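Quick notes on the structure that follows.
The values are calculated or read from the model by the stated rules, or taken from the named source; none is laboratory data. Every value quoted in this text rests on a predicted model; they were computed, and no experiment measured them. Here the Cβ positions follow ideal geometry from the backbone for every residue, glycine too, while neighbour counts run over all protein chains shown. The protein model used for the area step is the full one, side chains on, heavy atoms only, and it has no ligands, DNA or RNA in it. Shrake-Rupley method; radii C 1.70, N 1.55, O 1.52, S 1.80 Å.
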Amino acid sequence: VDQRRVREAVVSTQSTGRYTKCLQALDELEIENDRVQKESELRISEEKEKMEEKKSHVDEMTLQYFEFKKGVAKQAVNSRSGKPLALKDIDQCVMNEKKKEEEVIAVRLENIKLINKLKKREAQLKQKEELADGLHLIDFEQLKIENQTYNEKIEERNEELLKLRKKITTTVQVLTHVKEKLQFVQGENAGQREKLKVVEFEVAKKRDILSRTKQARDALRIDNVKQRKKCGLIGQESLLRDLEVRKDDSESLTTSIENLQRHHMDLLMQVDGVRQKVDAVKVHSM
């Protein structure tokens, strides 16, 4: 830990010195940039004036050139027909040539801009390389110190990673055990659910039986009340005697009725026999 702090202090000191040098170089570059910018602006202004003069001259010469070409074209004759060229065709050709010239000028300007931009980038790159030559050694030493620091941090992270892997392994084992226990409990749960269904079925059955039993009990109670009402003569001897007498008389009358009915039947049979004989006599007499 102490070595690391010493290294970090050394790196911090070197970084501070390097930062100071960079600030000084930046100030010098800003002063130089201001000077170059002023010179460039003055030079640009002068070049613009020259360019305007040359442009006017070029435009004038271009106009004369196209007028000359137009005059020559008017005097030209078509090789096939032998007739002079049409003024419309000549104007179209001149316009097309002007467009091509404008495109060429635009491409040339773009090419010049790109060349100047390339030269500027090369100069900046060369300047950066010259500025960085003296700092390569310091950067190398600083990178070595930073590399050592990063290696120590990597070792610490590797140790933490190893601990985390061990913890993950333990957690996975515990989780596997919990999953197995959960599966076992789920199996027991399924068995208990089946038992519960059977118990619920039996309970429903018993409830149905109980309901029917209660209905039978209520019916018996009602029947008992009715029977009690019917058995209102129990305990009254005179009425019971009279009931027995009436019952005996009823049985005697029933027996007499049955005897009379049998006698009536016998009489009817005798009458039928007599009728048959009378009918037979009638038949013989005829």
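Note on Lys50: aspartates and glutamates with a C-alpha under 19 Å away, same-chain residues under 8 apart excluded, are Glu39, Glu41, Asp59, Glu60.
For region 152-214, which whole-number percentage of the solvent-accessible area (1.4 Å probe, protein heavy atoms only) is attributable to carbon and sulfur atoms? Whole-percent figure for carbon plus sulfur exposure: 60.
Within the straight-line cut-off of under 18 Å between alpha carbons, the lysines reachable from Lys126 are Lys117, sequence neighbours fewer than 8 places apart in one chain being disregarded. Against the empirical curve 2.2 N^0.38 Å, the C-alpha radius of gyration of region 21-104 lands at a ratio of 2.13. For Lys70, the lysines whose Cα comes closer than 20 Å to its Cα, not counting residues fewer than 8 places off in the same chain, are Lys83, Lys88, Lys98, Lys99, Lys100.
Annotation: Val283 carries an accessible surface of approximately 100 Å², with a 1.4 Å probe and no ligand, DNA or RNA atoms counted.
Which net charge results for the neighbourhood of Asn116, defined as the other residues with beta-carbon distances under 14 angstrom from its beta-carbon, given Lys and Arg at +1 and Asp and Glu at -1?
Numbers: positive: Arg43, Arg108, Lys113, Lys117, Lys119, Lys120, Arg121; negative: Glu47, Glu110, Glu122.
Every neighbour counted, the sum reads +4.
The calculated FRET efficiency for the pair Glu46 and Val94, based on their C-beta separation and a Förster distance of 41 Å, comes to about 0.70.
Taking 7 Å along the Cα-to-C-beta vector as the label spot, tell me the Val174-Leu63 distance in nanometres, rounded to one decimal. Result for the modelled spin labels: 9.5 nm.
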